[in-house]
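Input: a single structure, listed below in structure tokens.
The values are calculated or read from the model by the stated rules, or taken from the named source; none is laboratory data. The structure presented is a predicted model; accordingly, all values stated were derived computationally and were not measured. Every residue, glycine as well, gets a Cβ built from its backbone with ideal geometry; the counts of neighbours run over all protein chains shown.
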Amino acid sequence: MADCRCKYTYEDDAFAKRHIWTCIGPLGALHLHISEYSEKDHEASGGIEVHYRHPPDYMQDKAPSQDECWLLKCPCWHDGSSMAASDRWIPLWQGAPNDHDGIFRALRSEVASRFNDVGFLGHLHGLRVAADA
């Protein structure tokens, strides 16, 4: 698993209950947010956001998405998906809404997979990052 700093935040307002998990690793971060509209049925929407410290191959020719990322506190290349949240992350949360350790385990695994991918690391000019066992 990846070496990450992880945090869970809960926000409650008139529109929704928001669950927010972040995992920050050496090469980037993941930000999962799920907005719960019905506590009874755990009806929800959300997104999984990826914050890269260095551009992945498909963003090599692009300027950073943010000059100072709110999560990484440095320039970042940002991408995200509500479909991935709907297909994978929301069902995981719905199965055990209070299992934050389970969400963090899955996020750490995703950080290790996403940021240790050969296609991503290939352009970092010799930087080596070992995946955790």
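Can we say Glu110 is outside any helix (DSSP H, G or I) and under 15 Å from Gly25 (Cα atoms)? No: the conditions fail for Glu110. The set of residues in the range 11-26 that are part of a strand (DSSP E or B), in contact (Cβ under 8 Å) with a residue 60 or more places away in the chain and under 18 Å from His54 (Cα atoms) contains only Cys23. Selection of the range 61-107 for residues being over 16 Å from the mean Cα position of the chain (by Cα) and assigned to a loop (DSSP other than H, G, I, E, B) yields Asp61, Lys62, Ala63, Pro64, Asp67, Glu68, Cys74, Pro75, Ala96, Pro97, Asn98, Asp99. For the range 11-19, state whether one or more residues are in contact with a helix residue (DSSP H, G or I) (Cβ under 9 Å, 6 or more places away or on another chain), at pLDDT 90 or above and surrounded by 18 or more Cβ atoms within 10 Å (Cβ to Cβ). Yes; the residues of the range 11-19 include at least one that is in contact with a helix residue (DSSP H, G or I) (Cβ under 9 Å, 6 or more places away or on another chain), at pLDDT 90 or above and surrounded by 18 or more Cβ atoms within 10 Å (Cβ to Cβ).
When Gly46, Gly80 are checked against the criterion of being in contact (Cβ under 8 Å) with a residue 24 or more places away in the chain and crowded, with 19+ Cβ neighbours inside 10 Å, Gly46 stands alone in meeting it. Tyr8 passes every criterion in (1) closer than 22 Å to Gly95 by Cα; (2) free of Cβ contacts under 8 Å to residues at least 24 places away in the same chain; (3) out of contact with any Asp or Glu (no Cβ under 9 Å at 6 or more places or on another chain) apart from (2). Evaluated against (1) more than 20 Å from Glu110 (Cβ to Cβ); (2) of a type in the set (A, V, I, L, M); (3) in contact with a Cys (Cβ under 7 Å, 6 or more places away or on another chain), Ala16 falls short on exactly one condition, (3).
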